[in-house]
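Everything below concerns the one structure shown next.
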Amino acid sequence: MVSRRLSLMVVFLCNAVFANISAQKMVAISIDDVPNISLYAQDGYKTLLLDSLEELAIPVAIFINEGLFFDFDDKKVSEQLLERWIESELLTVGTHTFAHTDYSKVGLEVFRDDVIKGMLHSQRLCADAGKTIKYFRFPYNSLGNDSIEQSAIGEVLDSLHLTTTPFTIESSDWMFNAIYEYYIKTDSTEMAAAIGDAYVNATIKNFMWMDSLSIGQYHRHIKQIYLCHDNTINADYLPRIINMLRNQGYLFVSLGDALNDSVYQQQNYYHKKWGISWVYRWMNNEAERKRLMKMAPDGMEYYPVYERLNNTTGY
């Protein structure tokens, strides 16, 4: 009788441990368009976003656009900034091409050359820091116009020993950032703060939505990959997002850890150029994919403001 009770207790504890593990929410933070030279100069040569991430002590993956070097006259300063990012012990380094070209528009040869050109400086700096570049993210997350183009560039990336990096969650920070920067430059501090809050809320809603989809699809929390950019709004608000996620029980994991989740081994059924989440790409049912995408929170109520600013101020 004692033995039976002990066995039942062991089973109960094992089930409890398994349930706790499957309930654990995890996310890898990834940042595109590093380094933002213009922002660095604007902030008095302070790496505000990187400093915040190091203070929060979480792993982060960055994707470098080497063409951003040429946004600033002093290339030595540009290289020092990139070196500062690469040397951070918390960072995994990836590449994002040189000129942020859209593969679906420029074709295989031009895009391949842009990928190779985009690693000239960063490979050397990575070697100095004892790191290698293993990961690649497509600009605009545009993998090609059809399955043939996607397969062709996949072979090129394999030959370069680069792993395509997906994302599951993003929150249109490019749009929020353009509005946010405009309000800052026009001293509209209250409106800037309102847009910052809207960005945070949109991001948290997207996490909740994608978590609900993962539970519906896989009956568990998958390891999410969040995509954002090296920009002003993240320098000011990404730490708040990270703290809110932490308070909601998220663990922050490396990109490599996230990609070890079996969901990332699934087939991509989406063969168009638009940069949608991999959660939708893994859906074989196109009608269901479209239905769920229409239901997703997207923050597009702010798009008319973005479009108006884009037409009048260069944003």
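The values are calculated or read from the model by the stated rules, or taken from the named source; none is laboratory data. None of the values given here were measured: they were computed from a predicted structure. All Cβ positions, glycine included, derive from the backbone under ideal geometry; neighbour counts span all protein chains shown.
One table, with the values for the structure above:
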{"item": "Residue in region 64-79 that is surrounded by fewer than 23 Cβ atoms within 10 Å (Cβ to Cβ), of a type in the set (Val, Ile, Thr) and under 22 Å from residue 137 (Cα atoms) present", "result": "no"}
{"item": "Matching helices (runs of 4 or more DSSP H) fully within region 216-315 where at least 3 residues are farther than 24 Å from residue 200 by Cα and polar (S, T, N, Q)", "result": "303-313"}
{"item": "Single condition residue 186 does not satisfy, out of (1) of a type outside the set (Lys, Arg); (2) modelled with pLDDT under 95; (3) under 21 Å from the mean Cα position of the chain (by Cα); (4) surrounded by fewer than 22 Cβ atoms within 10 Å (Cβ to Cβ)", "result": "(3)"}
{"item": "Residue 122 touching a residue at least 24 places away in the same chain (Cβ under 8 Å), among the polar types (S, T, N, Q), touching a Phe, Trp or Tyr at 6+ places or on another chain (Cβ under 8 Å) and crowded, with 20+ Cβ neighbours inside 10 Å", "result": "no"}
{"item": "Test: residue in region 270-288 that is touching a Gly at 6+ places or on another chain (Cβ under 8 Å) and under 30 Å from residue 84 (Cβ atoms)", "result": "no"}
{"item": "Members of region 63-88 found to be outside any helix (DSSP H, G or I) and more than 20 Å from residue 246 (Cβ to Cβ), listed by number", "result": "63, 64, 65, 72, 73, 74"}
